[in-house]
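The values are calculated or read from the model by the stated rules, or taken from the named source; none is laboratory data. No experiment lies behind these values; they were computed from the predicted model shown. Note that each Cβ is placed from the backbone with ideal geometry, even for glycine, and that neighbours are counted across all protein chains shown. SASA here: full protein model, heavy atoms, side chains in, ligands and nucleic acids out. Shrake-Rupley method; radii C 1.70, N 1.55, O 1.52, S 1.80 Å.
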Amino acid sequence: MNRIGRRIKAIWTELVCAKLRCTGYVPFHHYRRLVYRIFGVSIGKGSSIHMFASFYNPVNIYIGRDTIIGERAVLDGRAKLSIGDHVDIASEVMIYNAQHDIHSKDFTKPQYGEVVINDYVFIGPRAIILPGVTIGRGAVVGAGAVVTKDVPAYALVMGNP
């Protein structure tokens, strides 16, 4: 029974993600923001999410005030994702907070880690933020960077890793 319940939950989650993905094709900020809020994303006043964003488990995603999420961004809410105020996330940024445990013998045990992006952060295009990372206030993450560890406040990070 437990296996059937997990499968039904997975199907429901995929349906919600598909609805949100379709919403990303609508060229009206206010409509997209309304639908994202209905499905559980907490979005602060003045924030905008550009077209084609992808969400996983939207109820765990918090976006602060006056924040911009670029086109084709991936926001993972399988664990808590908190994005502060006045944050600029460029196009095609991927923020993940769940991954496979590569040390698991059967490769089925996931690892989760909360991601926190503090106020006034800039994340460049195609950067990847991995689970368990905190990015400090005012930090800059360069284009294409892979962030595997915490970033101190006002730091500039770039590269892989």
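Remarks
- Pairs are defined by a Cβ separation below 8 Å, a sequence spacing of at least 6 or placement on different chains, a first member in region 86-115 that is touching a residue at least 40 places away in the same chain (Cβ under 8 Å), and a second member that is part of a loop (DSSP other than H, G, I, E, B) and among the acidic types (Asp, Glu); the pairs so defined are Ser91/Glu71.
- Whichever residue in region 133-161 is buried (at least 18 other Cβ atoms within 10 Å of the Cβ) and in a loop (DSSP other than H, G, I, E, B) and, among such residues, is nearest to the chain's Cα centre (by Cα): Val133
- Odd one out for Asn57, checked against (1) on the phi > 0 side of the Ramachandran plot; (2) modelled with pLDDT of 95 or more: (2)
- Screening Ala18 on (1) of a type in the set (A, V, I, L, M); (2) open to solvent by 30 Å² or more (accessible area, probe 1.4 Å); (3) farther than 24 Å from Asp150 by Cα; (4) touching a Lys or Arg at 6+ places or on another chain (Cβ under 9 Å) shows it passes everything except condition (4).
- Of all residues in region 44-59 being open to solvent by 20 Å² or more (accessible area, probe 1.4 Å) and among the aliphatic types (A, V, I, L, M), the one that is farthest from Leu130 (Cα to Cα): Met51
- Residues of region 60-110 that turn out to be open to solvent by 10 Å² or more (accessible area, probe 1.4 Å), among the polar types (S, T, N, Q) and farther than 13 Å from Pro125 by Cβ, as a count: 5
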